[in-house]
Amino acid sequence: MYNSIIVRLSGEIAIKSRAVRDLWERKIYWQIVKRLSDIDATVVREGLRLYIVTNAVDEVISKLRFIFGVSSISPAIMCGADLQEIRDSAEKLVRFALGKRPYSTFGIIVKKKLRDDISSMDLKNIVGEHIRRIFNLRVYLDAPELPIYVEIRKDRAFVYTENIEGPGGIPIGTQATVVSLMSEGPDSTLATWLVMRRGSKVIGVYFDFGAEDFRREALNRVLRVAEILARDWEGLRKLYVVHFTRVASAILIAAKPKNAYVLLKRYMLRTAR
């Protein structure tokens, strides 16, 4: 039913200088183009928005969810920038939405308008009255159950109902590469992801030591995490597995219990550096 996608970039990008902003916008653009290279899709860049024209909407959205710097995503119907086509597209969109679940209220919300010959009030009145009459829904602009958003560009318009949250952050690769001490646990995984979200690619270091059964299971888990961070998020450059049993054993034997784990972490940091 949808034939396009609106991609909004992180507001953090908008506050940068023009040179930095242009660089980061182009970086996200090319990352998206690369991700969609095997899909029939056309990507158009317009400032802090990207418009993707495609019939493979679900497949494209599944890829966009993993691109840092993307603030939100909206599957949309792209049509001509005149009232008749916008009205027909809104009717089509509401019919599709009502087929999925019932709604009792709706509202026409004009998010962006770059055409002076189309009044926002006329747009709300004409499209809203048409939807109300066809589907017998009540207008409630403050908090409609079914919001119908309209964006009018110079030569086309986009009609949509939902905003899908993206990962936000800034584009991957815009900051220096960092080293992350990774384990199979959630803390180091989240910390690594948050560093990637701030624009850094990551080199992971995993220290392999402990009981044999524990080591095998833990290594498998960290390898699965590394695969996801490298494949889906494209932020993990490589993962080093350091065999650390001899060092850990020597520290645990020689040091007092209260100092052993501090020394162990210190040697991990020195080795990773």
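Here are the numbers:
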item: Note, ³J(HN,Hα) from phi for region 140-148, Karplus 6.51, -1.76, 1.60, rounded to Hz, x at Gly and Pro; result: 8, 6, 5, 8, x, 5, 10, x, 10
item: Accessible area of the chain divided out per residue, in Å², using a probe of 1.4 angstrom; result: 54 Å²
item: Length-normalised contact order of region 151-273 in % [C-alpha pairs under 8 Å, at least 6 apart]; result: 23 percent
item: Gaussian network model of the chain, Cα within-10 Å springs - most flexible of Arg197, Arg215, Arg49; result: Arg215
item: Accessible area of the chain belonging to carbon and sulfur atoms, whole % at 1.4 Å probe; result: 52 percent
item: Computed [θ] at 222 nm, deg cm²/dmol, the chain (DSSP H ≥ 4; -39,500 (n - 2.57); rounded to nearest 500); result: -14500 deg cm²/dmol
item: Viscosity 1.002 mPa s, temperature 20 °C, Stokes-Einstein D of the chain from Kirkwood C-alpha radius, µm²/s; result: 98 µm²/s
item: From the C-alpha gyration tensor of region 22-108, square roots of 5λ in Å; result: 28, 15, 13
item: Unit charges at the beta carbon, dipole of the chain: most positive-side option, Gly11, Val179, Ala81; result: Val179
item: Radius of gyration and maximum dimension Dmax of region 82-132, Cα, Å; result: 11.6, 36
item: Stokes-Einstein diffusion coefficient of region 98-167, Kirkwood radius over Cα pairs, 37 °C, 0.692 mPa s, in µm²/s; result: 252 µm²/s
item: Stokes-Einstein D in µm²/s, Kirkwood radius over Cα pairs - region 1-148 at 25 °C with 0.890 mPa s viscosity; result: 145 µm²/s
item: The chain, relative contact order in percent, only Cα pairs under 8 angstrom and at least six apart counted; result: 17 percent
item: Region 177-223, relative contact order [Cα under 8 Å, separation at least 6], %; result: 44 percent
item: Under-5 Å amide H pairs with Ser72, H placed in peptide plane, nonlocal only; result: Arg8, Gly166
item: Span-rule helices in the chain, defined as complete DSSP H runs reaching 15 Å or more along the axis (Cα) with Kyte mean at least 0.0; result: 186-197
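The values are calculated or read from the model by the stated rules, or taken from the named source; none is laboratory data. Source: prediction; values computed, not measured. Note: ideal-geometry Cβ built from the backbone for every residue, glycine included; neighbour counts use all protein chains shown. Just the protein is used for accessible areas: all its heavy atoms, side chains included, with ligands, DNA and RNA removed. Shrake-Rupley method; radii C 1.70, N 1.55, O 1.52, S 1.80 Å.
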